[in-house]
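The values are calculated or read from the model by the stated rules, or taken from the named source; none is laboratory data. This structure is a prediction, so every number in the text was calculated from the model and none was measured. Backbone-built Cβ (ideal geometry, glycine too); neighbour counts: all protein chains shown. The accessibility values were calculated without ligands, DNA or RNA, using every heavy atom of the protein model including side chains. Shrake-Rupley method; radii C 1.70, N 1.55, O 1.52, S 1.80 Å.
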Amino acid sequence: MLRPGLNNARVRQVNKAIFLTHLWREKQLRKSQLAQLTGLSIPAVSNILQELMDEGRISHSTENLSARGLNSGSFQIPLTGPWTLCMNITPTSIESQLADARLLPVGEPGRQSFNAESPRELLDNIAQHWRHYRQRYPEQRINLALGVHGQVDPVTGVSQTMPQGRWKTPVEMKYLLEERLGVQVRLDNDCVMLALAEKWQNPAGLRDFCVINVDYGIGSSFVIHDQVWRGSLYGSGQIGHTIVDPDGSACDCGRYGCLETVASLSALKKQARVWLKTQPNPALNPDALTTSALLEAWRGGDVRIQAWVENAANAVGLSLYNFLNILNINQIWLYGRSCSFGEEWLHTIIRQIGFNPFDRDDSPGSKATRISFGKLSRAQQILGIGYLYVESQLNDEA
């Protein structure tokens, strides 16, 4: 069945969404810049900008952004409106970054450590963290945006599974926090947080890319045609549960030999603990082995840990190789504490991708896959989850 064409009202609506997208990304633009970005004439741009200002969606500033001395002012998302407290949530910590109405950072990132034994304790800590900022800025309405470890239903706002948690039941985080705090709450998976951060804050961002978070566990998120791909059950990106060793260790998901059981930081620490209990090392306590201690031993030349790390990098690379043969995404950004293993770890991953006969970089104009460490600061990464509000507004507009 043929879809109906766009009438004039629909075209204006789509164009307004495009203008807002550019303004959310760039924060402030001149009329001529918007004309260049959209390919529209100056009169058409003027009409759309006027409609957006009449609706209160954007504001005009007399600040001169032109180096040529011409001054027609600039346009931006209004400074008025609710702020957003962006949080990265695990059962043992909260990382936060407060943002103003334009999703620009306010102050420095915050961090709170705890050990929540129940969903109620976790929610108590989130509420307490929010109230800390609310007391500092009592005149501001501060909504919440949460990047949550594990599988999340972003529509209902339910944390479905949180592997690090001591509980195994779903938690209705959105409903319970909105009822308690009286503000809007949105949440999604912490890898979606990284994907949104790259999409909206990386000037060289592509329409198709993938972020891989190699930390306590291993997660990923895919952006395809500029949209985060979540899957119908919101479980897309479970690269950590691809099987790399069918006869391997049991995984929390119930299967054996998942990538997480070989290549995550939790797997590396488990290997180290088992070894240290049979071969004691005065510098490393197997019952209190931290990520920092593991990294320090690796930097210090511990050959066994270095071998485990190399094996982990090979496993990550092999899983990526399989993913890339299916999706053929040309840019992968790596995040997480495992990135501290450095360039050698990265190159081991890349070597696995180099075996792909369908993805070569030796032809003219090649778009072969690039795998790199993510370049966004931690504050920018956490701010990514705040763009859930932006995408919701733009989807309503479009």
Review point. Based on the alpha carbon coordinates of the stretch 201-328, what radius of gyration and maximum Cα-Cα distance (Dmax) apply, in Å?
Key: 16.8, 52
Revision key, fill the gap. If the label point sits 7 Å along Cα→Cβ of residue 375, residues of the stretch 194-234 with amide N under 13 Å come out as 198, 201-206
**Study point:** Gaussian network model of the chain, Cα within-10 Å springs - most flexible of 236, 264, 377
**Key:** 377
**Study point:** Sorted peptide list for 237-243, 129-135, 9-15, criterion being average Cβ within 10 angstrom, highest first
**Key:** 237-243, 129-135, 9-15
Revision key, fill the gap. Kirkwood-based Rg/Rh on the Cα set of the stretch 77-126 evaluates to 1.10
Review point. Quick one: helix 190-201 against the long Cα principal axis of the chain, what's the angle to the nearest 10°, folded into 0 to 90?
Key: 40
Review point. HN-Hα J couplings of the stretch 258-275 from phi, Karplus 6.51/-1.76/1.60, θ = phi - 60°, integer Hz, Gly and Pro as x?
Key: 5, 3, 4, 6, 10, 10, 7, 4, 5, 5, 5, 5, 5, 4, 5, 4, 4, 5
**Study point:** Proximal lysines to residue 270, defined as alpha-carbon separation beneath 24 angstrom and excluding residues fewer than eight positions away on the same chain
**Key:** 168
Point to revise | Distance histogram for the chain (every C-alpha pair counted, 20 angstrom bins, percent rounded to whole numbers) | key: 24, 53, 21, 2
Practice item. Could you check which residue among 88, 281, 322 shows the biggest mean-square fluctuation in a GNM of the chain with a 10 Å Cα cutoff? Key: 281
Check your understanding: Residue by residue, what Karplus-based ³J(HN,Hα) values in Hz, rounded to whole numbers, does the stretch 303-314 have, using 6.51, -1.76 and 1.60 with θ = phi - 60° and x for Gly and Pro?
Key -> 5, 5, 5, 4, 5, 4, 5, 5, 4, 5, 5, 4
Review point. Short version: ³J(HN,Hα) in whole Hz for each residue of the stretch 40-56, in order, from phi by Karplus 6.51 cos²θ - 1.76 cosθ + 1.60 (θ = phi - 60°), x for Gly and Pro, what are they?
Key: 8, 6, 4, x, 5, 4, 4, 5, 5, 4, 5, 4, 5, 5, 4, 7, x
Review point. Using mean Cβ contacts within 10 Å as the protection proxy, how do 34-41, 115-122, 330-337 order, highest first?
Key: 330-337, 115-122, 34-41
Point to revise | Geometric extent, Cα atoms of the stretch 57-206 - Rg, Dmax (angstrom) | key: 17.9, 62
Point to revise | Accessible area per residue, Å², the stretch 10-130 with all protein chains present, probe 1.4 Å | key: 47
Exercise for review: Round to a whole angstrom and tell me the spacing of the C-alpha centers of the stretch 81-123 and the stretch 238-293.
Suggested key: 28
Check your understanding: Excluding ligands, DNA and RNA, what is the solvent-accessible area per residue of the stretch 227-364 at a probe of 1.4 Å, expressed in Å²?
Key -> 55
Check your understanding: Among the lysines, which have Cα under 22 Å from the Cα of residue 199 when same-chain residues fewer than 8 positions away are ignored?
Key -> 16, 27, 367, 375
Review point. If we sort 188-195, 284-291, 89-96, 256-263 on the protection proxy, mean other Cβ atoms within 10 Å, highest first, what's the order?
Key: 188-195, 256-263, 89-96, 284-291
Point to revise | Prolate/oblate/rounded label for the stretch 131-207 (Cα gyration tensor, a/c 1.5) | key: oblate
**Study point:** Full-stretch length increase - residue 252, residue 155 - with 0.36 nm per residue and alpha-carbon distance subtracted
**Key:** 32.4 nm
Revision key, fill the gap. Whole-percent carbon and sulfur contribution to the accessible surface of the stretch 45-198 (1.4 Å, no ligands, DNA or RNA) stands at 48
